[in-house]
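Peer 1: To start, I am sharing the structure in question, which I have written as structure tokens.
No lab work stands behind these numbers, since they all come straight from the coordinates. What you see is a predicted model, and the numbers here were worked out from it, not measured in a lab. Quick reminder, even Gly has a Cβ in these numbers, built from the backbone with ideal geometry, and neighbours come from all protein chains shown.
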């Protein structure tokens, strides 16, 4: 069976309906809790080790799912080049998230990671026919950039460590956007979502598990009940369930319409960070974060 198509970018996707909207709400709610889950047990298991382990576990679940879906080696071989790019982008994204969380707050990471729709919209505008931005959307890009400057501006509560972490979160958003562009631009646009998921998880595990082991972060990990629960949530709900849902929706619905819901994820992230980790909220961050969200809405609406 050959899932590859010569017209990947032109595949007709449906408009978002009630079912897709409800699923995107769940997706954003789950991802909004991601940074809190990582940061909450960072003293027991380093963020990098958490991402490595959860990718390893979720990748192990993805392999039999791929086989049961009737995807065979020839399909893997046909899509291996874009699959490798997507896997590298995914690895960079979560390595940057893990690194950034050692510097900044989970609430900050949530906002800067979810600037990805802005960068994805720009890339799709340049490289994918039918995804060009309107004047209103360009205004949204400008507002989002202004919001990033405001939110990242140093003040009494923002030391250099916080700024470094915020920049790493921004780079993670760029990495996520890059994977979206690769998926829409290449044969993965029409590939089964299970195949795309397996590329991401397996390559991430292959790269990050040795890195965490060599750096000693796996050996020093303390598998407390809370840490194990967090890893289980991250592996089963986030890395496996939520990402599979995202790729399935991306395969069936218009990315520009799905993207309008993604601004909810940082709102949930900030809320969870404040409620569960007692993280502070500065006035500048609230203003900048709000402007970012307005910009995202204008671009992805």
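Peer 1: Any chance you could check the Cα centroid distance between segment 17-51 and segment 260-287 for me, in angstrom?
Peer 2: 13
Peer 1: With a 10 Å radius around each residue's Cβ, average the other Cβ atoms per peptide and rank 276-282, 120-126, highest first.
Peer 2: 120-126, 276-282
Peer 1: Just the C-alpha atoms of the chain: what Rg/Rh do they give, with Rh taken as the Kirkwood radius?
Peer 2: Rounded to two decimals, Rg over Rh is 0.96.
Peer 1: What spacing in nm lies between the two simple spin-label points modelled at residue 286 and residue 80, each 7 Å away from Cα in the Cβ direction?
Peer 2: Rounded to a tenth, the inter-label distance reads 5.4 nm.
Peer 1: How far apart, in nm, are the 7 Å Cα→Cβ label points at residue 228 and residue 19?
Peer 2: 3.8
Peer 1: Computed FRET efficiency, Cβ-Cβ of residue 252 and residue 206, R0 35 Å: what is it to the nearest 0.05?
Peer 2: 0.75
Peer 1: Separate question: What percent does the relative contact order of segment 45-300 come to when contacts are Cα pairs within less than 8 Å and at least six residues apart? Spell out each step's value before the answer.
Peer 2: Numbers: 367 pairs, mean separation 106.2, N = 256.
Taking the mean separation of contacting Cα pairs over the length of segment 45-300, I get 42 percent.
Peer 1: Further, regarding this structure: Order by neighbour count: 67, 103, fewest other Cβ atoms within 10 Å first, most last.
Peer 2: 67, 103
Peer 1: In addition: Tell me the label-point distance for the pair residue 126, residue 277, using the 7 Å Cα-to-Cβ offset, in nm and rounded to one decimal.
Peer 2: Result for the modelled spin labels: 3.1 nm.
Peer 1: I would also like to ask the following. Run lengths n ≥ 4 of DSSP H only: what is the helix-derived mean residue ellipticity at 222 nm for the chain, with -39500 (n - 2.57) per run over all residues, to the nearest 500?
Peer 2: Result for the chain: -22500 deg cm²/dmol, rounded to the nearest 500.
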